[in-house]
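Undergrad: Take a look at this one; I'll ask things after.
Read-outs: derived from the displayed coordinates by stated rules, not from any lab. Quick caveat, the model's predicted, so the values are computed rather than measured. Quick reminder, even Gly has a Cβ in these numbers, built from the backbone with ideal geometry, and neighbours come from all protein chains shown.
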Amino acid sequence: MVLRWTDDEESALTSTATASGVGFRSDRGPILIAIMVTTGLVAIDATILATAVPTIVGELGGFSSFPWLFSIYLLTQAVSVPIYSKLADTVGRKPVVLLGIALFLAGSVLCGFAWSMPALIAFRAVQGLGAGAVQPMAITIAGDIYTVAERAKVQGYIASVWAVSSVVGPTLGGVFSSLGIWRWIFFVNVPVCAAAAWLLIRHLHETVEHKPHRIDWTGGALLTVSMSLLILGLLEGGNAWAWSSPQSIGAFVVGTVLFLAFVRVEKTAAEPVLPLWVFTRRLLLAASLIAVAVGVILIGLTSYVPSFLEALLHVSPLTSGLALAALTIGWPISASQSGRLYLRFGFRATALVGSCIAVLGVAALVWVSTDPTVIGVGLSCFVVGAGLGLTSSPTLIAAQSSVGWGDRAVVTGANLFSRSMGSAVGVAVLGAVVNAKMNGQNPQQAPEQFGSAVTLAFVVVLGVAVAMVVASAAMPRTTTEHVPSDEPAE
């Protein structure tokens with residue numbers, strides 16, 4: 001496959017590209033803007049919904065089911081990422097990302113018209129299918145056109161998207177909830193989708209060298225069904241049915257068997273949807289484990305911090321959203337500086353420092369949650385975000401840099417798959433913990449009990465953060481001297 005851009009943008013593919021060529025006025029500037037707007041779709045959605053959960057539950061009902069709003073989105077996003085990554089190597093990046101934007105747009109409109117919690121959950125699944133193409137393709141395109149050194153600067157631009165979204169998302173979510181028009185949380189995606197699609201159609205041009213490929217549909221189906229059953233068992237066990245019931249046991253047993261069948265299929269598939277070699281290399285395995293931990297930590301705070309503050313302190317959705325925004329403000333600030341650190345000290349050292357900072361932030365959150373204040377929770381979230389920014393970006397770039405162009409989409413997809421699965425399974429596990437403590441009660445009915453349940457969930461998140469430190473320490477020592485040049489190739 002050969003990627004081509006309009007006007008002078010083709011020069012971006014030459015081996016003479018340098019960090020000075022990064023920016024809006026550079027040859028690749030229009031593509032960078034397109035990547036940023038596309039990233040904004042996922043970035044805004046990551047924070048805008050959480051602040052409105054109490055309002056949505058109040059209108060549609062189903063508090064015990066609300067974790068599905070996050071879990072189903074993350075599940076469909078996760079299981080579709082490997083398939084999209086394979087398609088990207090077959091038909092090109094552009095058709096796949098445009099398909100993702102179209103699905104995300106359709107899912108957003110349907111969510112806006114949802115008439116019940118089950119309907120909203122189903123439409124969130126459509127949104128997740130779109131996000132499964134949007135986020136990895138944006139990152140893959142950036143990896144294609146920028147070198148390792150340039151990506152340090154690109155991270156700053158992409159981080160700015162998350163920084164803006166971290167304020168815009170919770171603010172819009174809080175305002176829409178306060179005004180009783182929470183459905184606009186989804187309708188606001190319409191103009192963003194239109195802008196992202198127009199920029200990509202206008203500026204990104206590909207010449208695809210068609211080669212015969214076989215998409216591993218069997219592996220994709222087994223992965224989807226197996227993970228769906230496992231998450232179903234986690235979310236509904238002790239809630240819709242007893243943990244020891246035939247439904248619960250059946251979901252776990254059948255899910256496990258199908259997952260083992262998926263592993264077996266991937267070993268023999270000509271072109272596996274999720275190549276197992278990605279998890280056999282030390283660097284890629286460590287990066288994937290870190291991504292799982294990042295996913296759990298991120299969803300743990302995103303799902304419960306707003307509801308926690310609203311139930312215990314009776315603050316407005318806007319205030320709780322701004323407290324959560326501290327997480328996604330700390331992340332892009334540290335991510336934008338991570339390039340300087342990993343180019344000087346190496347990927348492993350940067351990730352290790354970031355994971356330790358995240359542990360401190362989560363530990364502070366656990367302590368503060370016993371006697372919460374908005375400021376205390378917000379500062380703890382900021383520290384966690386700063387740690388995740390120093391951990392997530394360097395490990396993903398390290399993984400991308402360890403392979404050639406032909407495998408970059410697969411490696412990027414595997415890393416984001418790991419993060420999404422971490423979030424999907426994490427929200428299921430944390431939902432099971434909270435639901436078990438609440439015994440079917442609503443947070444407004446038993447706020448103190450809800451507070452202790454969320455504190456217990458934060459303790460689980462703390463354990464995951466400690467595991468992330470171990471995974472970061474397990475990364476091979478990587479310094480700038482050992483980083484491949486990784487020049488984009490035609």
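Undergrad: Simple spin-label model, 7 Å along Cα-to-Cβ: residue 470 to residue 344 in nm?
TA: About 3.2 nm, to one decimal.
Undergrad: Mind checking the full-extension length gain between residue 276 and residue 218? Use 0.36 nm per residue of separation minus the Cα-Cα distance, one decimal, nm.
TA: Gain in length upon complete extension: 19.4 nm.
Undergrad: Right, here's the next one. Regarding the range 284-420, what whole-number volume in Å³ per residue does the convex hull of its Cα atoms give?
TA: 95
Undergrad: Order the peptides 287-297, 305-315 from the highest to the lowest mean number of other Cβ atoms within 10 Å of their residues.
TA: 287-297, 305-315
Undergrad: What's the ranking of 243-250, 273-280, 321-328, 173-180 by average number of surrounding C-beta atoms within 10 Å, highest first?
TA: Packing order, densest peptide first, comes out as 321-328, 173-180, 273-280, 243-250.
Undergrad: Per residue, how big is the convex hull of the chain when only Cα atoms are used? Give it in Å³.
TA: So the per-residue hull volume is 123 Å³.
Undergrad: Run the dipole for the chain about the Cα centre, Lys and Arg Cβ at +1, Asp and Glu Cβ at -1, nothing else charged, and hand back the magnitude in debye, nearest 20.
TA: Computed charge dipole of the chain: roughly 460 debye.
Undergrad: Given H placed on each backbone N at 1.01 Å, which residues far from residue 346 in sequence or on other chains put an amide H within less than 5 Å of it?
TA: The answer is 480.
Undergrad: Calculate for the chain the 222 nm mean residue ellipticity that helices alone would give, adding -39,500 (n - 2.57) per DSSP H run of length 4 or more and normalising by residue count, nearest 500 deg cm²/dmol.
TA: It lands at -26500 deg cm²/dmol.
Undergrad: Place +1 on the Cβ of every Lys and Arg and -1 on the Cβ of every Asp and Glu in the chain, take the dipole about the Cα centre, and give the residue among 129, 230, 381 whose Cα lies farthest towards its positive end.
TA: Looking along the dipole axis, the top candidate is 230.
Undergrad: Arranged by the count of other C-beta atoms within 10 angstrom, fewest first, what order do 108, 316, 355 take?
TA: Ascending Cβ contact count within 10 Å gives the list 316, 108, 355.
Undergrad: Could you compute the FRET efficiency for residue 452 and residue 244, with r as their C-beta to C-beta distance and R0 at 30 Å, rounded to 0.05?
TA: Step by step, r from the Cβ atoms, then E = 0.75.
Undergrad: Still on this structure, please answer the following. Give, rounded to the nearest 20 debye, the magnitude of the charge dipole that the range 343-471 has about its Cα centre when Lys and Arg contribute +1 at Cβ and Asp and Glu contribute -1 at Cβ.
TA: Roughly 340 debye, rounded to the nearest 20.
Undergrad: What percentage of all Cα-Cα pairs in the range 352-467 are separated by more than 19 Å?
TA: 57
Undergrad: Would you mind checking which residues have amide H under 5 Å from residue 441's amide H? H placed 1.01 Å from N; only 5 or more apart, or other chain.
TA: none
Undergrad: So for the range 249-323, what are the equivalent ellipsoid semi-axes in whole Å, largest first, each being the square root of 5 times an eigenvalue of the Cα gyration tensor?
TA: 39, 18, 9
Undergrad: Starting with the fewest neighbours, write out 285, 204 ranked by other beta-carbon atoms found within 10 Å of each beta-carbon.
TA: Neighbour counts put them in this order, fewest first: 285, 204.
Undergrad: In addition: Treat the range 217-269 as a sphere of radius equal to its Kirkwood radius over Cα pairs and apply Stokes-Einstein at 10 °C in a medium of 1.306 mPa s; give the translational diffusion coefficient in µm²/s, rounded to a whole number.
TA: Using the Kirkwood radius from Cα pairs, D works out to 141 µm²/s.
Undergrad: So how do 331-337, 431-437 stack up, highest first, on mean other-Cβ count within 10 Å?
TA: Descending mean neighbour count gives 331-337, 431-437.
Undergrad: Now a separate question. Counting other C-beta atoms within 10 Å, which of 407, 89 has the fewest, and how do the rest follow?
TA: 407, 89
Undergrad: Taking only the alpha-carbon atoms of the range 67-197, what semi-axes of the equivalent ellipsoid follow from 5 times the gyration tensor eigenvalues under a square root, in whole Å, largest first?
TA: Each semi-axis is the square root of five times an eigenvalue, giving 27, 19, 12 Å.
Undergrad: Obtain the nm distance between the two label points defined at residue 459 and residue 25 by a simple spin-label model: each point lies 7 Å from its Cα along the Cα-to-C-beta direction.
TA: The modelled label-to-label distance comes out at 5.7 nm.
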